[in-house]
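**Student:** What follows is a single structure, and I will ask about it in a moment.
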């Protein structure tokens with residue numbers, strides 16, 4: 001990455017020029033060190049089948065893809081300048097345990113992956129990242145024709161934390177609605193989904209509307225100490241908001257604390273991300289059984305139904321769904337949570353994807369449709 005590109009990547013952080021230069025030097029030194037480590041990675045002989053990733057494109061789905069398949073497959077990569085991005089994505093442990101350079105390949109019976117949607121080769125399995133174009137194409141029957149990779153949680157969760165996620169069977173019925181996330185105006189306030197702007201208002205507008213309507217009902221988490229507050233469980237709505245651009249590792253709640261609250265909460269508010277309606281929070285909540293309050297019901301396969309979600313089509317309907325969530329009977333919540341967890345297990349879990357992946361390989365199909373975050377929104381914003 002050149003300096004100009006690096007500087008552009010930090011545009012929301014509002015660093016002065018000297019701080020950007022220092023960060024760029026740090027970035028270059030880290031890459032130099034990673035490059036040394038990468039060259040120490042060698043072929044690992046085992047009986048697993050081989051998936052050749054080719055030249056990595058810094059795809060955000062790689063963490064879920066690797067986690068889902070690592071028990072039965074090992075991954076080869078092209079040892080070019082992009083391998084540093086793969087190392088950064090999946091981390092030290094996963095890189096050395098589950099990958100090796102494809103220059104060491106001896107067995108030709110491999111599964112070749114094509115991560116470039118603009119190039120199609122019949123001998124390769126294409127991961128097509130034009131996700132939203134398929135959803136808005138009425139002629140495209142996603143359920144029958146193609147395998148759709150499930151949308152995923154925040155990618156780094158799969159590196160080491162996924163198995164540590166604790167699921168609480170019975171929620172705290174007083175903690176009705178939980179939301180944790182950034183509300184930085186420069187990023188989340190500029191979102192605009194031209195296909196249906198009324199259905200998908202940006203996150204800042206959404207949160208502001210909720211604050212105006214329910215502020216007296218909301219407990220705001222500003223640090224982990226607030227989790228011990230006597231006022232914590234006296235409010236039905238818990239918000240943990242970040243109004244500055246910070247690293248995920250610097251959030252007010254760590255992964256464990258965030259998932260514990262998600263698992264305890266009856267409902268989980270889903271808001272758009274910076275460039276698209278889908279957000280990792282939606283999948284994280286569904287994983288632990290927190291019932292989604294969402295406008296993205298038709299952007300997952302299979303679609304979310306009203307048995308497992310509260311759905312809204314505009315910001316005024318969202319307010320109505322908040323009242324519905326706060327007044328819902330406990331036994332109805334328990335029923336819906338069980339259905340949410342079942343939906344995740346059958347459709348969105350790594351185990352479900354591995355089963356379907358092996359099926360399309362046996363049937364010799366050559367395409368997977370996948371949401372690759374900002375790379376999948378071309379023509380939509």
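The values are calculated or read from the model by the stated rules, or taken from the named source; none is laboratory data. Just so it is clear, the structure is predicted and the values come from calculations on it, not from any experiment. Glycine gets a Cβ as well: all are built from the backbone with ideal geometry, and neighbour counts include every protein chain shown.
**Student:** Tally time: how many residues in the range 350-367 are surrounded by 16 or more Cβ atoms within 10 Å (Cβ to Cβ) and modelled with pLDDT of 95 or more?
**Tutor:** Residues flagged as surrounded by 16 or more Cβ atoms within 10 Å (Cβ to Cβ) and modelled with pLDDT of 95 or more within the range 350-367 amount to 5.
**Student:** Select from the range 131-152 the residues that are at pLDDT below 90 and part of a loop (DSSP other than H, G, I, E, B) and list them in ascending order.
**Tutor:** Residues satisfying the conditions are 137, 138, 139, 140, 141, 146.
**Student:** Taking the residues in the range 231-253 that are modelled with pLDDT of 80 or more and farther than 12 Å from residue 181 by Cα as candidates, determine which candidate is surrounded by the most Cβ atoms within 10 Å (Cβ to Cβ). Show your work before the answer.
**Tutor:** First pass over the range 231-253, keeping only residues modelled with pLDDT of 80 or more: 231-232, 234-243, 252-253.
From what's left, farther than 12 Å from residue 181 by Cα: 231-232, 234-237.
Details: 231: 8, 232: 15, 234: 9, 235: 18, 236: 20, 237: 24.
Checking each candidate, the answer is 237.
**Student:** A further question follows. Please find, within the range 195-216, the residue that is surrounded by the most Cβ atoms within 10 Å (Cβ to Cβ) out of those that are free of Cβ contacts under 8 Å to residues at least 60 places away in the same chain and either within 21 Å of the chain's Cα centre (by Cα) or within 14 Å of residue 318 (Cβ to Cβ) (or both).
**Tutor:** Restricting attention to the range 195-216, the residues satisfying the condition of being free of Cβ contacts under 8 Å to residues at least 60 places away in the same chain are 196-197, 204, 208, 211-212, 215-216.
Okay, now just the ones that are also either within 21 Å of the chain's Cα centre (by Cα) or within 14 Å of residue 318 (Cβ to Cβ) (or both), so 204, 208, 211-212.
Details: 204: 21, 208: 15, 211: 15, 212: 9.
Filtering the range 195-216 for residues that are free of Cβ contacts under 8 Å to residues at least 60 places away in the same chain and either within 21 Å of the chain's Cα centre (by Cα) or within 14 Å of residue 318 (Cβ to Cβ) (or both), the one surrounded by the most Cβ atoms within 10 Å (Cβ to Cβ) comes out as 204.
**Student:** Here is a follow-up. Can you confirm whether residue 192 is surrounded by 15 or more Cβ atoms within 10 Å (Cβ to Cβ) and in contact (Cβ under 8 Å) with a residue 40 or more places away in the chain? Write out each step before concluding.
**Tutor:** Values: surrounded by 15 or more Cβ atoms within 10 Å (Cβ to Cβ): no; in contact (Cβ under 8 Å) with a residue 40 or more places away in the chain: yes.
No; evaluated as a whole, the condition is false for this residue.
**Student:** Sticking with this one: Of everything in the range 45-76 that's over 26 Å from residue 348 (Cα atoms) and free of Cβ contacts under 8 Å to residues at least 60 places away in the same chain, which residue is surrounded by the fewest Cβ atoms within 10 Å (Cβ to Cβ)?
**Tutor:** Here the residue is 47.
**Student:** Only one of these is modelled with pLDDT of 85 or more, closer than 24 Å to residue 308 by Cα and surrounded by 13 or more Cβ atoms within 10 Å (Cβ to Cβ): 219, 259. Name it. It would help to see each step written out before you state the result.
**Tutor:** Details: 219 fails: closer than 24 Å to residue 308 by Cα.
Only one candidate qualifies: 259.
**Student:** For the structure I just gave you, tell me whether residue 377 is modelled with pLDDT of 95 or more and either closer than 19 Å to residue 209 by Cβ or buried (at least 21 other Cβ atoms within 10 Å of the Cβ) (or both).
**Tutor:** Values: modelled with pLDDT of 95 or more: no; either closer than 19 Å to residue 209 by Cβ or buried (at least 21 other Cβ atoms within 10 Å of the Cβ) (or both): yes.
No: the conditions fail for residue 377.
**Student:** Quick one: in the range 287-305, of everything that is touching a strand residue (DSSP E or B) at 6+ places or on another chain (Cβ under 6 Å) and part of a loop (DSSP other than H, G, I, E, B), which residue is nearest to residue 178 (Cα to Cα)? Please lay out each step first, then the result.
**Tutor:** Of all residues in the range 287-305, those touching a strand residue (DSSP E or B) at 6+ places or on another chain (Cβ under 6 Å) come to 290-293, 297, 301.
Now narrow it down to the ones that are part of a loop (DSSP other than H, G, I, E, B): 290, 301.
On the way: 290: 9, 301: 24 Å.
If we take residues in the range 287-305 being touching a strand residue (DSSP E or B) at 6+ places or on another chain (Cβ under 6 Å) and part of a loop (DSSP other than H, G, I, E, B), then 290 is nearest to residue 178 (Cα to Cα).
**Student:** Sort through 356, 316 and tell me the only one that's within 24 Å of residue 155 (Cβ to Cβ) and part of a helix (DSSP H, G or I). I'd like the intermediate steps shown before the answer.
**Tutor:** On the way: 316 fails: within 24 Å of residue 155 (Cβ to Cβ).
Exactly one of 356, 316 is within 24 Å of residue 155 (Cβ to Cβ) and part of a helix (DSSP H, G or I), namely 356.
**Student:** Kindly list the number of the only condition in (1) surrounded by 12 or more Cβ atoms within 10 Å (Cβ to Cβ); (2) over 20 Å from the mean Cα position of the chain (by Cα) that fails for residue 330.
**Tutor:** The failed condition is (1).
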